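See below for the structure under consideration.
Here, each number is a calculation from the coordinates, and none is a lab measurement. This is a predicted model, so every value here is computed, not measured. When we count neighbours, we look across all protein chains shown, and the Cβ atoms used for this are built from the backbone with ideal geometry, even at glycine.
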Amino acid sequence: MSWYVKPETPAKIPPAKALWEICPRCRAYVPRKEWKDNGSICPRCNYHGRLKARERAELLSDAGTFKEMFREVSYSDHLSFRDASGPYVEKVEAAIGKTGETESILTGSAAMGGIPVALGAMDFAFMGGSLGTGTGERIARLCEFAMEERRPLVICSASGGARMQEGILSLMQMAKTAAAVRRVKDAGLPYISVLTDPTTGGVSASFAMLGDINITEPRTLIGFAGRRVIENTIRQKLPADFQTAEYLLDHGFADSIVERRELKAFIVKMLHYFGF
């Protein structure tokens with residue numbers, strides 16, 4: 001009998017992506033546990049990776065205080081839209097199955113530093129964080145909740161823009177959410193907007209930029225149209241840092257760039273400034 005016996009089944013070697021996170025900026029391989037324990041921030045270059053909506057809510061809320069609201073509000077397919085890749089319904093249902101969310105924003109009540117707040121967090125993994133009718137309705141209801149309970153409003157944005165599969169009603173959410181935020185302000189309540197990577201399109205052109213305080217994380221992409229679209233339109237080369245958080249801060253469109261580790265403490269400090 002041979003001293004070597006070939007195993008009946010091949011050894012199961014986990015794929016690299018199961019063991020490592022690869023930083024999109026510096027391409028460093030970071031153990032997944034280290035990446036997660038570090039708040040999805042690259043320990044080499046300080047790249048702030050994207051968070052899911054529930055991770056963002058957990059990051060900002062006092063332990064055990066976040067209570068989800070308006071989960072029943074979801075998408076609508078009033079156009080029965082389909083394109084070459086299939087029906088819109090199939091795509092959004094796939095996003096629900098993948099993320100566990102029923103819309104591109106998670107909304108609810110929470111406490112931050114002991115202060116009750118109305119909290120919303122967008123999830124880019126849900127159809128690019130697109131602004132659909134369900135998203136706009138959740139934001140409007142969250143604003144109403146903030147006014148009824150006299151709570152500050154905190155919304156963390158992450159979006160590629162309007163959800164075009166829902167047509168003009170998607171674009172109408174820009175005006176709807178902006179008006180809802182205006183009512184919160186008119187009621188004497190602060191609105192703190194946290195712009196995370198990326199915040200673009202119809203979201204950046206509506207409620208995301210209307211905060212009493214606009215906060216962003218380092219190197220966040222913030223803008224409306226894409227760089228190539230603008231360059232092809234104006235026939236000029238844009239600055240290398242165009243549409244970054246740092247560029248917006250220098251030009252007065254953002255109030256502060258805050259490291260993720262300090263974000264909750266900074267927001268709590270702002271809430272104390274507003275008298276809460």
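Below 17 Å Cα-Cα, how many Lys pairs turn up in the chain? Only count pairs eight or more apart in sequence, or on different chains, if you could.
Values: LYS17/LYS33; LYS17/LYS36; LYS33/LYS52; LYS36/LYS52; LYS52/LYS67; LYS52/LYS98; LYS52/LYS264; LYS176/LYS185.
Close lysine pairs found across the chain: 8.
Amide H neighbours of ALA162 under 5 Å, counting only residues 5+ apart in sequence or on other chains, H built in-plane at 1.01 Å?
Placed amide hydrogens put LEU131, GLY202, VAL203 under 5 Å from ALA162.
Once the Cα atoms of helix 263-273 and of the chain are each reduced to a long axis, what angle between those two axes, in degrees from 0 to 90 to the nearest 10, is obtained?
10 degrees
When a/c is below 1.5 the answer is rounded, else prolate if a/b is larger than b/c, else oblate, so apply that to the stretch 107-244 with a ≥ b ≥ c taken from the square roots of the Cα gyration tensor eigenvalues. Please report the intermediate quantities before stating the final value.
Details: a/c = 2.15, a/b = 1.61, b/c = 1.34.
Prolate, since a/c reaches 1.5 and a/b exceeds b/c.
Quote the relative contact order of the chain in percent (integer), defining contacts as alpha-carbon pairs under 8 Å separated by 6+ residues.
On the way: 501 pairs, mean separation 37.4, N = 276.
After rounding, I find 14 percent.
Listed highest first by mean packing, meaning other Cβ atoms within 10 Å per residue, what order do 142-152, 82-92, 110-120, 178-188 come in?
Listed from highest to lowest mean packing, they are 110-120, 142-152, 178-188, 82-92.
For the stretch 177-274, what value does the Rg/Rh ratio take when both radii are computed over Cα atoms and Rh is the Kirkwood radius, given to two decimals?
Numbers: Rg = 14.7 Å, Rh = 14.4 Å.
Ratio value, two decimals: 1.02.
Under the 0.36 nm per residue contour assumption, what length would be gained going from the current alpha-carbon distance of ALA63 and ALA265 to full extension? Can you show the working numbers first?
Details: separation 202, 0.36 × 202 = 72.72 nm, distance 1.41 nm.
Stretched fully, the ALA63-ALA265 segment lengthens by 71.3 nm.
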